[in-house]
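Before any comments, here is the structure.
The values are calculated or read from the model by the stated rules, or taken from the named source; none is laboratory data. Everything numeric in this text was worked out from a predicted model, so none of it was measured. We place every Cβ from the backbone using ideal geometry, glycine too, and count neighbours over all the protein chains shown. When the accessible area is computed, the model is the full protein with side chains, heavy atoms only, and any ligands, DNA or RNA have been set aside. Shrake-Rupley method; radii C 1.70, N 1.55, O 1.52, S 1.80 Å.
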Number of protein chains: 2
Amino acid sequence: MATRDNQHEKLTEAQDRFVASWGQMAGAWGISRTMAEAHALLYITGRPMNTDEIMDRLQISRGNASMSIRALLDWGIISRTHKRGDRKEYFEADQDVWSMFRSIVRERMKREVEPLLATLFEIRDASPAPDEAAGDQQKELLAHQKRLEEMLSFMQTMEKLSHRFVSPSGSGLELAAKLLTKFDR
Amino acid sequence: MATRDNQHEKLTEAQDRFVASWGQMAGAWGISRTMAEAHALLYITGRPMNTDEIMDRLQISRGNASMSIRALLDWGIISRTHKRGDRKEYFEADQDVWSMFRSIVRERMKREVEPLLATLFEIRDASPAPDEAAGDQQKELLAHQKRLEEMLSFMQTMEKLSHRFVSPSGSGLELAAKLLTKFDR
DNA sequence: TGGTTGTTTCAGAATAAATTGAAACAAGGC
DNA sequence: GCCTTGTTTCAATTTATTCTGAAACAACCA
């Protein structure tokens with residue numbers, strides 16, 4: 001059975017490396033390392049795990065595990081399961097990479113882009129309106145408004161785009177993306 | 001001139017709010033607040049500014065200003081300018097929102113996605129290969145490989161997509177995005 | 001060459017974010 | 001009710017990140 005043991009060891013090592021590289025990526029995107037690692041672990045092992053297993057594997061505290069799992073549930077990229085005769089809660093990751101990606105985009109839009117957009121509208125409406133006179137200051141106010149409008153229009157396009165792909169039936173994005181990359185240049 | 005003063009005051013206030021909301025957003029995306037604020041300031045004022053002006057307006061130290069400006073230059077979303085008879089360096093933001101966005105995507109891909117992709121390939125190549133036998137463990141190895149492949153394929157699609165839009169002539173994205181949002185559902 | 005102005009660097013300080021661990025809380029079973 | 005098992009919360013701590021300020025550096029000028 002030495003071969004089998006060796007295989008298993010290498011599998012575990014590959015999983016650990018996957019988890020670690022995922023965790024590294026996290027910081028750059030404003031996600032906590034542990035949260036990313038927990039998700040990576042559930043994804044790459046592909047089986048439901050309970051809190052204790054996750055704690056042990058990632059070497060983290062119970063509190064941290066609980067909060068990270070909660071966050072992943074809120075993002076909608078992992079779900080609860082149960083095992084017969086076991087009172088513990090188990091968690092498993094969405095195994096469809098594209099649907100996972102859609103969930104992430106959906107949440108980030110909702111949490112970060114939408115509030116920003118609302119603020120930008122407020123700022124626009126509170127910005128001083130240029131009057132008819134043609135002084136330099138009026139020109140500047142006009143330019144200010146133009147810059148605000150362009151940013152607003154950009155973000156609105158992004159929002160619509162994300163809704164278009166992310167929300168309902170949903171799997172349009174995968175097809176579109178693949179088509180778009182199919183023909184080089 | 002009370003009206004003019006009032007207009008100017010309101011303009012400054014609008015700019016400050018823009019800068020602040022931009023800065024808030026930053027944290028969620030793994031960017032330092034100051035860097036985002038400096039960029040927002042240059043964008044919304046629309047005119048070249050030197051280090052001292054930026055320091056004063058954002059209330060930050062010279063060191064911080066210098067490093068943030070440098071980072072923005074590295075990202076390619078601001079550029080250096082000079083004024084006749086003034087030895088100071090001036091900086092101005094790219095005023096085209098879409099080209100700005102392209103620069104950001106290009107850099108993030110290069111810095112974060114490409115290295116991750118390289119690591120994923122390494123992990124795949126170091127993962128144990130299943131043999132012909134049909135045991136549970138072999139099935140698991142197969143499933144592991146499938147998950148890795150799916151993630152790899154996803155990220156490769158994303159990379160190609162980004163190259164397609166971001167790199168050369170470049171302005172395709174704007175058109176495509178607008179078209180895609182044009183027809184609801 | 002020495003003086004002046006402007007820019008960069010980086011060790012240490014300040015700040016923000018993530019993590020722990022123990023207590024509080026829930027949900028059963030007896 | 002009152003144990004037992006599992007989960008959540010949160011104040012205190014640890015860790016990571018950002019920022020400061022002064023010194024080093026660079027470029028120009030007289």
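Just B:115, B:130, B:48 to compare: in a GNM of chain B, with alpha carbon springs under 10 Å, which one fluctuates most? Result: B:130 has the largest fluctuation of those listed. In sequence order, the range A:43-54 has phi-based couplings of 5, 6, 7, x, 10, x, 10, 9, 4, 5, 4, 5 Hz under the Karplus curve 6.51 cos²θ - 1.76 cosθ + 1.60, θ = phi - 60°, and Gly or Pro positions carry x. Normalised by the number of residues in chain A, the mean separation of alpha-carbon contacts (under 8 Å, six or more apart) gives a relative contact order of 15 percent. Computed from Cα positions, the angle between helix B:62-75 and the longest principal axis of chain B comes to roughly 50 degrees.
Listed values for the range B:6-22 are Karplus-derived 3J(HN,Hα) couplings in whole Hz (6.51 cos²θ - 1.76 cosθ + 1.60, θ = phi - 60°), namely 5, 4, 5, 4, 5, 4, 4, 5, 4, 4, 4, 5, 4, 4, 5, 5, 4, and x replaces Gly and Pro. For the protein assembly as shown, the antiparallel share of DSSP beta bridges with both residues in that region comes to about 100%. Along the range A:92-102 the Karplus relation, 6.51 cos²θ - 1.76 cosθ + 1.60 evaluated at θ = phi - 60°, assigns HN-Hα couplings of 9, 8, 3, 8, 8, 4, 6, 5, 4, 4, 4 Hz to successive residues, with x for each Gly and Pro.
Using the 1.4 Å probe convention, the accessible area of the protein assembly as shown works out to 54 Å² per residue with neighbouring protein chains retained. Applying both filters, DSSP loop and at most 16 other Cβ atoms within 10 Å, to the trypsin sites (Lys or Arg not before Pro) of the range B:1-92 gives B:84. For the options A:85, A:76, A:30, a Gaussian network treatment of chain A with springs between C-alpha atoms closer than 10 Å singles out A:85 as fluctuating the most. Once you order the gyration tensor axes a ≥ b ≥ c over the Cα atoms, which shape class does the range A:47-130 get: rounded for a/c under 1.5, otherwise prolate or oblate by comparing a/b with b/c? Prolate, since a/c reaches 1.5 and a/b exceeds b/c. Note on the protein assembly as shown: Kirkwood hydrodynamic radius from all Cα pairs is 23.6 Å, rounded to one decimal. The separation of the range B:60-75 from the range A:100-143, counted between C-alpha centres, amounts to 25 Å.
By definition, a body whose alpha carbon gyration tensor gives a ≥ b ≥ c is oblate when a/c is 1.5 or more and a/b is not larger than b/c, and the range A:72-117 fits this oblate description. Once you have a ≥ b ≥ c as the square roots of the Cα gyration tensor eigenvalues for chain A, tell me rounded if a/c is under 1.5, and otherwise prolate or oblate according to whether a/b is larger than b/c. Cα axes put chain A in the prolate bin. If the Kirkwood radius is taken over C-alpha pairs of the range A:2-93, then at 25 °C and 0.890 mPa s the Stokes-Einstein diffusion coefficient equals 180 µm²/s. Mean projected area of the convex hull spanned by the Cα atoms of the range A:97-182, taken over all viewing directions: 7.6 nm².
Normalised by the number of residues in the range A:97-182, the average gap of Cα pairs under 8 Å and 6 or more apart makes the relative contact order 43 percent. Once backbone amide H atoms are built at 1.01 Å from N, residue A:89 has A:51 as its partners under 5 Å, excluding neighbours fewer than 5 places away on the same chain.
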